[in-house]
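Please read the structure below before turning to the comments.
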């Protein structure tokens, strides 16, 4: 459903934003029901089709689930959410049984590394909060990868929570700001370690490594919310995909 003729978002997205905000703020706690379709139609002055489109978006975001005879129930933010991309889902982008340890966030606004702004289509003047992290497999003393995360400055509030946060940054943005990550673009490429930059993952100058670059866009305005660079030693990285034939 495209934007309206005056350029404003489709009606169903306005309903989604309102309900997201109310879910996140606790007006509708986990386990409670959203108002009925009829009540939502009356409240927002919209059609049944628009209400159902809005509820479908909330289900896709993992914020609610619908049960026949029970209505639409609010879910816990910790429940896995599915976001379709060209291969499978966003949850499959992240390593299983891996703990992320975030470094301190000094709150200083920075710009993206040279060339990255142009590559992903954002202004070179745009500012970001930088978050550094190491990821460890359970029981392993050495880090699996080194992560460099840039969060758009309008979501800078997540920086205050990173010292005690264990999960993905994108889930934190969804929970705090009521946004939905709609698209993740991923690129995998090789790199050569620079002196002193990748010693945490036991890479010395000139050693080969693998970097996974991810660009996260939100559904409300399709703007980039997060850019992450995950660097692995080449001998500790593997990529496994299962592709199925699409049926007509």
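The values are calculated or read from the model by the stated rules, or taken from the named source; none is laboratory data. This one's a predicted model, so the numbers in the text were calculated from it and none came from an experiment. For neighbour counting, all protein chains shown are included, and Cβ atoms are generated from backbone atoms with ideal geometry for every residue, glycine included.
Does region 155-165 include one or more residues that are modelled with pLDDT of 85 or more and over 24 Å from residue 18 (Cα atoms)? Within region 155-165, not a single residue is modelled with pLDDT of 85 or more and over 24 Å from residue 18 (Cα atoms).
For region 218-228, the tally of residues that are buried (at least 17 other Cβ atoms within 10 Å of the Cβ) and either at pLDDT 90 or above or farther than 23 Å from residue 184 by Cα (or both) stands at 6. Of the residues 36, 57, which is within 30 Å of residue 188 (Cα to Cα) and either at pLDDT 75 or above or in the same structural domain as residue 169 (by TED's automatic domain parsing) (or both)? None of the other options fit; the residue is 57.
Restricting attention to region 178-205, which residues are within 30 Å of residue 61 (Cα to Cα) and in a strand (DSSP E or B)?
Matches in region 178-205: 181, 182, 183, 184, 185, 186, 187, 188, 189.
Of all the numbered requirements in (1) part of a strand (DSSP E or B); (2) under 21 Å from residue 101 (Cβ atoms), residue 143 misses one, and that requirement is (1). Scanning region 169-210 for residues that are closer than 18 Å to residue 232 by Cβ and buried (at least 19 other Cβ atoms within 10 Å of the Cβ) yields 193, 198, 201, 203, 209, 210. Could you tell me which numbered condition residue 149 fails, if it satisfies all but one of (1) in contact with a strand residue (DSSP E or B) (Cβ under 7 Å, 6 or more places away or on another chain); (2) surrounded by fewer than 17 Cβ atoms within 10 Å (Cβ to Cβ); (3) over 30 Å from residue 39 (Cα atoms); (4) at pLDDT 70 or above? Single failed check for residue 149: (2).
Once region 129-146 is narrowed to residues that are at pLDDT 85 or above and farther than 13 Å from residue 236 by Cα, the residue that is surrounded by the fewest Cβ atoms within 10 Å (Cβ to Cβ) is 132.
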